[in-house]
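Right, one structure below, let's go through it.
A short reminder: the numbers here are calculations on the coordinates, not readings from a lab. Given the structure is predicted, the values throughout are model-derived calculations rather than measurements. Every residue, glycine among them, receives a Cβ derived from its backbone with ideal geometry; neighbour counts consider all protein chains shown.
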Amino acid sequence: MIRRTADLSACVAAMFMVAAACAGATPTSLPVTPSPPPTPSRLASARPALPSPTTRGTPTSAPFTSSERLSAKPLGSETDPPLGYLEYLPPGYGDGAPWPLLLYHHGSDESGDGRERDLQRLNRTGIPRLIARDAWPQDRPFIVLMPQHEQAGGSFCTEGEEITDFLEFAQAHYDVAPERIYLTGVSCGAIGAWEYLAQHTDEVIAAAVLLAGDGREAFAEAGCALGRVPIWAFHGEADVQVDVEGSSMPIEALQVCDDPAAVDVRVTTFPSVGHAIWNPIYDLSLDLDVYRWLLGHTNSREAD
């Protein structure tokens, strides 16, 4: 069962209304076979070397503007991407060293045709919003690629095959550390990510953070093999668009698997909270550091 803390319900709900209102509260989380968070030294050794930040307060110091490193790559670009996408490259990228890749998939409201104008919809919410608003820190070491799903003539939500094709494109065109490829998505994007993981488990992905998605069909398809990928799922218990069982059921099923046993699967639910849970999670208002958790995992298949 999922443990809940009743006296935090109102506070957690308020955090989604005004992220700063209850910044110190932590919703109930149920980790299963959790990996301990990486120590600072372990985490530092896992990251590519980054330029040292300018000492705060010196005349040459300047705030980091992540938006300046955000680029639109529409359909028809010279690299011929399978989907239009937004690209964020961390400081220091381009020296030939491999970097962690974080692939973000949006919800249905941000779907579009992959052209430059429609790609701007991605900046409304989630990780693209943080980067566009200069709220993405300099020392977060991911290449972040954010493809846009097109609903016209296709499926309502992102499909697993789209993710497969885009991952192949990303690995061919970026200096990616193959053992550090991470997947995250919200709503329709999380539904597509669950589908992809059911089809490919840990062939490529080192860990996934999935928000307000539905993994019930993924577990029905892949069974316990789905647990080969570390998964942290999040869901609002009052979600009327995608039932909370979409996250809790597959995680609870994976928790009791023993052939194979799940690597690290966990679900965090929020009492009295609806569908749009992602901004306070991605901006760390809830003190749930999903980025640190992702970096604590590598894909052993790719590392060999």
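Assorted remarks:
- The stretch between Asp134 and Glu221, if pulled fully straight at 0.36 nm per residue, gains 27.3 nm over its current Cα-Cα span.
- Distance (nanometres) between label positions extended 7 Å along Cα→Cβ at Arg124 and Asp283: 1.7
- Exposure proxy for Ser155, Ser247, Ser111: other Cβ atoms within 10 Å of each Cβ, ordered fewest to most, give Ser155, Ser111, Ser247.
- Cα-based shape type of segment 106-225, given that a ≥ b ≥ c are square roots of the gyration tensor eigenvalues and the cut on a/c is 1.5: oblate
- Length released on extending from Tyr174 to Ser155, taking residue separation times 0.36 nm less the Cα-Cα span: 4.1 nm
- Residue exposure sequence - Cys188, Cys157 - by fewest surrounding Cβ within 10 Å: Cys157, Cys188
- The simple spin-label model puts a point 7 Å past each Cα toward its Cβ; for Gln199 and Phe64 those points are separated by 3.4 nm.
- Virtual spin-label span in nm between Glu78 and Asp109, 7 Å along Cα→Cβ: 3.6
- Cβ crowding within 10 Å, taken as a proxy for footprinting-reagent exposure, orders Asp239, Asp287 from fewest neighbours to most as Asp287, Asp239.
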